[in-house]
Amino acid sequence: MDKSEAKGLIRQAYEAWEGEEWLRAAELYERVLAHYPDVKPSGDWWYDAALAHKFLGNWQKAYELGREAAARAPRGEGDPAFWNLGIAATVQRDWATARDAWRGFGIDLPDGEGEIDGAFGNACVRLDTGGRREVVWVRRLCPTRGRVVNVPVTGGRRYGEVVVHDGEPKGERVVDGTTYPVFDELLLFEPSDLPTLEVTVAAGEPDDLGALLTLFAGHGYGAEPASSVRMLCACCSEGTHEQRRTESAGVQRVSLAAPEDDARRLLEQWAGETAIGRSWSGLTAVG
């Protein structure tokens with residue numbers, strides 16, 4: 001392939017990229033890179049080809065091409081080639097490459113080898129459930145993985161599952177003056193075996209509901225009152241949304257994440273802690 005033909009293919013690749021024809025763009029870049037892997041602009045071509053495969057969900061190719069892109073990127077300067085490689089290596093469970101990629105981006109990691117299980121703070125992730133989307137809170141285990149700490153109301157999703165999320169925030173949530181990013185989910189990394197239940201509870205005081213949530217959390221389970229769920233349009237969901245921690249009294253539905261026998265035991269314990277004001281009924285499995 002001569003340089004004139006290569007320039008023509010790169011031009012076509014740019015056009016395909018602008019049209020979001022990810023597979024065609026990647027194939028054109030790869031045709032040129034097979035002949036010119038190390039010319040001055042090749043780092044950008046490797047990066048774009050890897051990113052196109054990321055958009056396609058072809059993680060093996062995103063990983064292979066991402067390694068080439070990162071090999072041509074400066075370390076410790078926040079180059080996105082390392083971030084995308086970190087995601088792809090995580091999906092492939094190549095922890096050595098993932099760790100090196102995050103360090104290449106400029107992130108400090110806890111010492112160790114193998115799977116990363118760190119404390120990277122809290123964030124929100126917009127779960128993708130085949131057309132229905134739900135924003136949940138996660139505890140970040142690494143720069144791209146988070147464990148869900150809400151009880152999702154969308155069918156098929158569960159408290160405690162681990163998701164891989166993108167690196168570019170699409171929205172913000174503000175709680176008590178602190179701003180948290182909202183990331184889009186890329187894939188379900190590790191499912192949870194905790195079933196989702198629903199129950200009707202009567203709480204005489206707002207603190208009664210808080211006691212129920214604390215009780216379940218203390219046993220490693222989840223509880224999500226219906227009063228905490230907010231419905232937002234897509235535009236508002238991707239903007240800045242202020243959330244307030246409120247606990248209400250009265251009768252309402254609560255979603256639970258726990259084995260049914262344990263849920264019954266904890267509900268009985270909660271109701272029995274006061275003489276009046278607390279009761280529950282209608283415990284059912286929903287997912």
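The values are calculated or read from the model by the stated rules, or taken from the named source; none is laboratory data. This is a predicted model, so every value here is computed, not measured. Quick reminder, even Gly has a Cβ in these numbers, built from the backbone with ideal geometry, and neighbours come from all protein chains shown.
Quick notes on this one:
- Comparison of R157, R147, R99, R93 shows that the only residue that is outside the structural domain of H219 (by TED's automatic domain parsing), buried (at least 17 other Cβ atoms within 10 Å of the Cβ), touching an Asp or Glu at 6+ places or on another chain (Cβ under 9 Å) and more than 20 Å from A217 (Cα to Cα) is R99.
- Of the strands (runs of 3 or more DSSP E) lying entirely inside the stretch 160-212, the ones with 2 or more residues being in contact (Cβ under 8 Å) with a residue 60 or more places away in the chain, out of contact with any Asp or Glu (no Cβ under 6 Å at 6 or more places or on another chain) and not charged (D, E, K, R) are found at 178-190, 196-203.
- Single residue of the stretch 117-143 satisfying the filter (free of Cβ contacts under 8 Å to residues at least 60 places away in the same chain and β-branched (V, I, T)) that is nearest to A217 (Cα to Cα): V138
- Meets criteria (at pLDDT 95 or above and more than 29 Å from G171 (Cβ to Cβ)) for R75: yes
- Only a single item in (1) among the acidic types (D, E); (2) farther than 22 Å from D100 by Cα; (3) not in a helix (DSSP H, G or I) is not met by E27, and it is number (3).
- Lone qualifier among V163, V175, V151 - being under 13 Å from the mean Cα position of the chain (by Cα) and aliphatic (A, V, I, L, M): V163
- Here no strands (runs of 3 or more DSSP E) wholly within the stretch 220-287 include at least 2 residues being of a type in the set (D, E, K, R) and at pLDDT below 60.
- Look at (1) assigned to a helix (DSSP H, G or I); (2) without any contact (Cβ under 8 Å) to a residue 24 or more places away in the chain; (3) within 22 Å of Y180 (Cβ to Cβ) and you find that W83 fails only one, number (2).
- Residue in the stretch 168-179 that is among the hydroxyl-bearing types (S, T, Y) and under 30 Å from P259 (Cα atoms) present: no
- Here is the figure for the stretch 207-229: residues that are of a type in the set (V, I, T) and under 18 Å from V138 (Cβ atoms) total 1.
- Checked against the criterion of being buried (at least 18 other Cβ atoms within 10 Å of the Cβ) and outside the structural domain of A226 (by TED's automatic domain parsing), the candidates V175, V164 yield just one match: V164.
- Residue check, D38 in the same structural domain as A96 (by TED's automatic domain parsing), more than 24 Å from E185 (Cβ to Cβ), part of a helix (DSSP H, G or I) and not basic (K, R): no
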